[in-house]
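> Just passing along the structure, written as structure tokens.
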Amino acid sequence: MADVKVKVQPPDADPVEIENRIIELCHQFPHGITDQVIQNEMPHIEAQQRAVAINRLLSMGQLDLLRSNTGLLYRIKDSQNAGPVSFFLSKMKGSDNQEKLVYQIIEDAGNKGIWSRDIRYKSNLPLTEINKILKNLESKKLIKAVKSVAASKKKVYMLYNLQPDRSVTGGAWYSDQDFESEFVEVLNQQCFKFLQTKAETARESKQNPMIQRNSSFASSHEVWKYICELGISKVELSMEDIETILNTLIYDGKVEMTIIAAKEGTVGSVDGHMKLYRAVNPIIPPTGLVRAPCGLCPVFDDCHEGGEISPSNCIYMTEWLEF
């Protein structure tokens, strides 16, 4: 029975979120960004949606349109150094100096946020006063509290309009501060299956070995598109997410990667380069010593008989021997 693929169309993104993301990219690349950079960072956004967001930012005077030898560049205006933050600063009128100080500390932390303990250290204000100021700023929608995967019981504070950094949220691999190991494993299997199918198709073509090898490669954009069409993810995945999964397959020895030159504007290319991946089979099976958990153990140097870590109480060694 043939597999039936259901193509899932991504939901329309919020225009304001698209504009804010473009502004963030402009701050990351002060010299300007091309439409290709925007496309690579937001592959799920349609070209028409990107164009509408860019035209709106240009009409609002937040971006400058420049021409370079690589094409058109979009750059943040000098008067917009804070981007959309300038809108929020207008709400700070009437605030006392302590509130402005706390706001400035949180703004300097960027999208990685800052703990209340660090705010207290930098401001030299009492903790009770800081908590009062934080609640006031939250009520004005100037800042927001975000739970960090690094410490589930602690919250970090950042400006209200910022998208939290992946180091804070854990990206697509975390849900409510819990690592989605099953989801990662499913993606791992499906990415490898796609590359295996492409390699098998290349072998069955009966072309010469060089053409077969070249045909077995797939770009990260092709793998990303395949995963999106499967509809197995409840969250939007970027090409960077898929490349993270492909990297785990490389570390497992199941996939190899090569980098080729690509024309400007080619889908999936970055700075004139494109990453290609293909499934590979090991030439010889790994030896028993390599398969032993000791070969990859991060505390190998601390492991000795009679110590807190020893071969006699190692659960990984026990599982390996039972296998």
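Laboratory data are not the source of any read-out in this text; all were calculated from the coordinates shown. In this text, all values refer to a predicted model and were calculated from it rather than measured experimentally. Ideal geometry is used to build each Cβ from the backbone, glycine not excepted, and the neighbour counts take in all protein chains shown.
> Enumerate the amide H contacts of VAL280 below 5 Å, restricted to partners 5 or more residues apart or on another chain; note that Pro and chain-start residues carry no placed amide H.
VAL255, GLU256
> Further, regarding this structure: Can you give me the orientation-averaged projected area of the convex hull built on the Cα atoms of region 126-246, in nm²?
Across all orientations, region 126-246 yields a mean hull projection of 9.9 nm².
> Just order 97-105, 19-27 by mean Cβ neighbour count inside 10 Å, highest at the front, would you?
19-27, 97-105
> Taking the Cα centre of region 125-224 as origin, work out the dipole magnitude from +1 charges on Lys and Arg Cβ and -1 charges on Asp and Glu Cβ, in debye rounded to 20.
Around 420 debye, computed over region 125-224.
> Could you give the dipole magnitude of region 188-230 about its Cα centre, charging the beta-carbon of Lys and Arg +1 and that of Asp and Glu -1, in debye to the nearest 20?
The dipole of region 188-230 has a size of about 120 debye.
> Place +1 on the Cβ of every Lys and Arg and -1 on the Cβ of every Asp and Glu in region 198-252, take the dipole about the Cα centre, and give the residue among ILE245, CYS228, ALA202 whose Cα lies farthest towards its positive end.
My answer, from the dipole projection, is ALA202.
> By a straight-distance test (C-alpha under 14 Å), which aspartates and glutamates pair with LYS77 as possible cross-link partners, with residues fewer than eight away in the same chain excluded?
List returned: GLU24, ASP64.
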